[in-house]
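The values are calculated or read from the model by the stated rules, or taken from the named source; none is laboratory data. These numbers were taken from a predicted model, which means no experiment stands behind them. Here the Cβ positions follow ideal geometry from the backbone for every residue, glycine too, while neighbour counts run over all protein chains shown. Accessible surface areas use protein heavy atoms only, side chains included; no ligands, DNA or RNA. Shrake-Rupley method; radii C 1.70, N 1.55, O 1.52, S 1.80 Å.
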Amino acid sequence: MKRVIEKIDIDKIDVEVMKYKREKYEFKMPRGMMEGLRLYKHQKSGVEFLLNQRRAVLGMAVGLGKTLTAITAGKELLNRKKVERILVISPVNVKYNWKEEIEKFGNEKVAVLNSGDLRKTAEDYWEDAENSTFIVVNFDMIRKQEDARRLQKLCPDAVIVDEAHKLKNSSSQQTKAFKKFWKDAEYIWLLTATPFPNAQPKETYTMLNHINPGITGTWREFGKNFVVFEEVFTPYGIKQVPVRLKNTDKL
């Protein structure tokens with residue numbers, strides 16, 4: 001992967017081939033970012049992409065700066081007073097990395113919430129969250145109904161999901177909780193270098209459905225248009241199993 005990335009000349013990539021809907025936002029470094037900070041061309045395009053699309057998958061490869069791109073876009077949202085707070089859902093091992101980078105590059109106040117700490121001194125932690133512009137939690141926290149409900153009240157409009165392929169399984173507890181509490185959020189930014197890691201039709205549908213359920217429709221509708229099914233014999237009879245995507249150009 002490293003050898004491949006080193007061969008890529010980022011400045012020569014024509015980002016206009018990305019057929020995303022453009023609105024009014026064109027990149028300008030948000031005020032209040034770290035002095036002297038400069039973004040690469042692909043990161044600037046990523047900021048435009050997130051702000052113009054509002055709900056999107058940022059699928060940059062590993063090492064291209066998804067975190068900084070999302071922090072910059074989030075800073076612009078806060079500057080424009082589009083949202084009061086932004087929730088970041090990440091794996092537990094990178095929560096404090098998010099805190100460090102938000103504080104360093106974005107000059108914003110960050111609250112990191114841990115389930116264990118909340119059981120001890122809950123109100124102090126929630127008060128800290130209310131006084132912050134970014135709240136960082138791990139996936140376990142949104143599985144708990146009470147915690148997810150409080151987080152949604154604090155951050156109803158904007159959520160960033162790091163390693164978002166962890167929400168690909170529609171039957172998992174964390175995916176169900178995410179859909180329940182943030183399905184109506186205006187800004188949903190899913191960050192992952194592997195948005196469809198197993199190329200499974202149901203997982204592809206779930207990831208796209210987080211972003212735009214109006215386009216994907218129900219699983220039955222999506223399956224009719226974009227999925228090849230095969231018959232499999234089971235002890236309970238013949239079962240239709242999704243095996244691969246079809247009509248991928250249209251999709």
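Quick notes on this structure:
- Residue count for segment 111-124 satisfying the condition of being open to solvent by 10 Å² or more (accessible area, probe 1.4 Å) and at pLDDT 90 or above: 1.
- In segment 128-146, the qualifying residues are those that are in contact with a strand residue (DSSP E or B) (Cβ under 9 Å, 6 or more places away or on another chain) and farther than 23 Å from Thr192 by Cβ, and the one that is surrounded by the fewest Cβ atoms within 10 Å (Cβ to Cβ) is Asn131.
- Qualifying residue in segment 191-200 (condition: outside any loop (DSSP other than H, G, I, E, B), touching a strand residue (DSSP E or B) at 6+ places or on another chain (Cβ under 7 Å) and in contact (Cβ under 8 Å) with a residue 40 or more places away in the chain): yes
- Residues that are open to solvent by 10 Å² or more (accessible area, probe 1.4 Å) and assigned to a helix (DSSP H, G or I) within segment 76-92 comprise Glu76, Leu78, Asn79, Val92, listed in sequence order.
- Pair list, Cβ under 9 Å, 6 or more apart: segment 225-240 residue closer than 15 Å to Thr204 by Cα, other residue part of a loop (DSSP other than H, G, I, E, B) and basic (Lys, Arg): Asn225/Lys246; Asn225/Lys250; Phe226/Lys246; Phe226/Lys250; Val227/Lys246; Val228/Lys246
- One residue alone among Thr218, Thr248 is polar (S, T, N, Q), modelled with pLDDT under 95 and open to solvent by less than 80 Å² (accessible area, probe 1.4 Å), and that residue is Thr218.
- Glu127 part of a helix (DSSP H, G or I) and modelled with pLDDT under 95: yes
- Taking segment 152-167 as the range and being touching a strand residue (DSSP E or B) at 6+ places or on another chain (Cβ under 6 Å) and either free of Cβ contacts under 8 Å to residues at least 40 places away in the same chain or in a helix (DSSP H, G or I) (or both) as the test, only Ala164 passes.
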